[in-house]
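J.: Would you mind keeping the following structure in view while I ask a few things?
The values are calculated or read from the model by the stated rules, or taken from the named source; none is laboratory data. This is a predicted model, so every value here is computed, not measured. Cβ placement follows ideal geometry from the backbone for every residue including glycine, while neighbour counts extend to all protein chains displayed.
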Amino acid sequence: MLFDFRKYRQLMEAYQPLVQALGDQQGMALARLGQAWMALQQDPGAAVWTQIEESLADARKHADSLWITLWLLILGRQAFMQGETPRARALLEEALTRARAAAYIQLEAWALLYLAHLALTQGNLATAQARLEEEVALSQSTGERSTRTYALTIQGWIRWRQGKTEEARTSFQEGHHLGRELGRRFEVARLLLLLSHLALGEGDMAEARADYAESLAIAREMDLKGYMATGLKGLGVVVATGGQLVLAAQLWGAAEPLQESQDVSLPTALYEQAVQEACTQLGEQAFVSAWAQGRAMPLEQVIDDALKRGDEAGKQ
């Protein structure tokens, strides 16, 4: 359930002409769905979702149940990350029903975790906990390990929402170590962001800086724009605390056009307070100018500068 988007684009470019040449109805239906999904990465608007619904309906006619279930999970997760809660729930519930009917254990486990995560963002801790417990029991009974990192992430979130900060940190750290062991760079990037948020909230700027920087580097490598947005915003808060206000405003400006992923968004209060304080100290005109500079700079240049100057600040 994890993707390197750049590699996926390359595969899609080679896959579509091949299935067209073969007249493979299932392959063509899945290729159209894949194209629509890639379009969604650039434009999360209603028109693209209409294209996806049409492609999904076509896939239901020509593709087997396994592929349909997999795509329902992918699209449900995408809808969730974009804040399309009703759409996400519908897609994920259908995926769960199909996975259970066909005994796709691994896909059932992922569906349960996505639904737990969705419930968590809606403030329904009881449902989130129930879904998580279903997934843990399922995975333990089958020896399924692929979802363990994500399960630990959900567990950490629930504990964080319950005010159990140290228990949350333990879950995040365990998930982080397991993610590294399994080579799950996507999940490592996510867990680093969550650990950064915890450190930032506790005033541990050295730890927050290191974790934000590492997550940002992974997100850039994998083209995870939502995670890049969070990393830039978080690192901006850190460098602002250290007095680098112009750099902070530039980082926030660079993050503005990117859509922050809902699953790792920076706590609003921390961000808004840092922005307000930086604006007050710099003066509105200088702050707006620095923000505009960051927004106009090439993203690669902003990230390089952030990692370099953030590292220099950490050594002072």
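J.: Anything in the stretch 126-165 that is closer than 23 Å to Ala189 by Cβ and more than 19 Å from the chain's Cα centre (by Cα)? List them, or say none.
T.: Selection gives Glu135, Ser139, Glu144, Arg145, Arg159, Thr165.
J.: Also: Restricted to the stretch 75-106, and to residues that are among the aliphatic types (A, V, I, L, M) and surrounded by fewer than 18 Cβ atoms within 10 Å (Cβ to Cβ), which residue is nearest to Ala128 (Cα to Cα)?
T.: Going through the qualifying residues, I end up with Ala90.
J.: Suppose we keep only residues that are small (Gly, Ala, Ser) and buried (at least 22 other Cβ atoms within 10 Å of the Cβ) within the stretch 169-202. Which one would you say is nearest to the chain's Cα centre (by Cα)?
T.: Ala189
J.: Of the conditions (1) touching a residue at least 40 places away in the same chain (Cβ under 8 Å); (2) closer than 28 Å to Gly183 by Cα, Tyr227 fails just one. Which one is it?
T.: (1)
J.: Test of understanding: among Ala63, Ala79, Ala47, Ala57, which residue is within 14 Å of the chain's Cα centre (by Cα) and of a type in the set (Gly, Ala, Ser)?
T.: Going through Ala63, Ala79, Ala47, Ala57 in turn, the sole match is Ala79.
J.: Right, another one. Does Tyr114 qualify as being among the aromatic types (Phe, Trp, Tyr) and in contact with a Lys or Arg (Cβ under 6 Å, 6 or more places away or on another chain)?
T.: Judged against the criteria, Tyr114 is a match.
J.: Based on this model, can you work out whether Ala208 counts as at pLDDT 90 or above, surrounded by fewer than 23 Cβ atoms within 10 Å (Cβ to Cβ) and within 30 Å of Arg184 (Cβ to Cβ)?
T.: Here the answer is no, as Ala208 does not meet what is asked.
J.: Tell me, which helices (runs of 4 or more DSSP H) lie completely within the stretch 1-85 with 3 or more residues that are charged (D, E, K, R) and at pLDDT 80 or above?
T.: 46-62
J.: From the residues in the stretch 131-148 that are loosely packed, with under 15 Cβ neighbours inside 10 Å and in a helix (DSSP H, G or I), which one is modelled with the lowest pLDDT?
T.: This residue is Thr142.
J.: Pairs needed: first member in the stretch 61-74, more than 12 Å from Leu92 (Cβ to Cβ); second member anywhere, in a helix (DSSP H, G or I) and modelled with pLDDT of 90 or more; C-beta distance under 7 Å; at least 6 residues apart or different chains.
T.: Filtered contacts from the stretch 61-74: Ser65/Arg98; Ser65/Ala102; Ile68/Arg98; Leu70/Leu107.
J.: Taking the condition within 22 Å of Leu118 (Cα to Cα), in the same structural domain as Met222 (by TED's automatic domain parsing), small (Gly, Ala, Ser) and part of a helix (DSSP H, G or I), does Ala189 pass?
T.: Yes; evaluated as a whole, the condition is true for this residue.
J.: Could you go through the stretch 154-163 and let me know if any residue there is closer than 24 Å to Tyr212 by Cα, of a type in the set (Gly, Ala, Ser) and crowded, with 23+ Cβ neighbours inside 10 Å.
T.: The answer is yes; a qualifying residue exists.
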